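Peer 1: Here it is: the structure, laid out below.
The values are calculated or read from the model by the stated rules, or taken from the named source; none is laboratory data. Nothing here was measured: the structure is a model prediction, and the numbers come from that model. Glycine gets a Cβ as well: all are built from the backbone with ideal geometry, and neighbour counts include every protein chain shown.
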Amino acid sequence: MTKTGKNLKGKTVLLGVSGGIAAYKAVDLASKLTACGAKVFTIMTENACKLVSPKSFEAITDNPVFTDIWATQTQHNIGHVSLAQQADIVVVAPATANIIGKMANGICDDILSTALCVGWNKPMLIAPAMNNNMWANPAVAFNVNSLKEMGIQFIGPETGRLACGTEGPGRMSEPADILDAIEKILSK
């Protein structure tokens, strides 16, 4: 893997961050994307905001972070709709079982799930992160397979020590690997 990011200059990335403990890795991913010249906009779920501050993403990307579907818009375009339409790629990292389930079933009850439903026509990369038992759950497997059948691409999860102390599949892929996957998708 090259992990150079040379083909990301001038690209717009919509980064969705859901409420998994791996949200801290999303800050590193946003930093790497920005360093490669990509314009990064971040949408965070309410639970993601409990784990990582939106200010971290704002500082790294020099762009506002969207956290509330009902926030007053400073522009005519509705934020979550226009962001998804302007993006070259939509990346969800970390993607919890919850957001994967919402995506697979068309549930739009927060700003991230709504933006993801709007962004279906864009290349999309999902980086799952959850407990190994959740990853092995038949409902999660069904939702992942449904998304893959719709053309959504996945990276990971990786196997290793999880935040809950168990070992197994469920770790979010490393930001450098996600960066490489984004570059490969956008170069097609």
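Peer 1: For the structure I just gave you, tell me whether ASP180 is closer than 23 Å to MET44 by Cα, among the charged types (D, E, K, R), at pLDDT below 95 and surrounded by 13 or more Cβ atoms within 10 Å (Cβ to Cβ).
Peer 2: No, not satisfied.
Peer 1: Could you tell me whether the stretch 155-171 includes any residue that is at pLDDT 95 or above and either among the β-branched types (Val, Ile, Thr) or out of contact with any Pro (no Cβ under 8 Å at 6 or more places or on another chain) (or both)?
Peer 2: Checked the stretch 155-171: at least one residue is at pLDDT 95 or above and either among the β-branched types (Val, Ile, Thr) or out of contact with any Pro (no Cβ under 8 Å at 6 or more places or on another chain) (or both).
Peer 1: Looking only at the stretch 124-148, which residues are within 27 Å of LYS188 (Cβ to Cβ) and without any contact (Cβ under 8 Å) to a residue 24 or more places away in the chain?
Peer 2: ALA141, ASN145, LYS148
Peer 1: Is it the case that the stretch 163-179 has a residue that's among the aliphatic types (A, V, I, L, M), farther than 18 Å from LEU33 by Cα and within 12 Å of the chain's Cα centre (by Cα)?
Peer 2: For the stretch 163-179, residues among the aliphatic types (A, V, I, L, M), farther than 18 Å from LEU33 by Cα and within 12 Å of the chain's Cα centre (by Cα): absent.
Peer 1: I'm checking my understanding of the structure. Among residues of the stretch 92-121 that are closer than 22 Å to MET134 by Cα and of a type in the set (Ser, Thr, Tyr), which one is modelled with the highest pLDDT?
Peer 2: The qualifying residue modelled with the highest pLDDT is THR96.
Peer 1: Sticking with this one: Is it the case, given these coordinates, that ILE60 is modelled with pLDDT of 95 or more, assigned to a helix (DSSP H, G or I) and crowded, with 22+ Cβ neighbours inside 10 Å?
Peer 2: no
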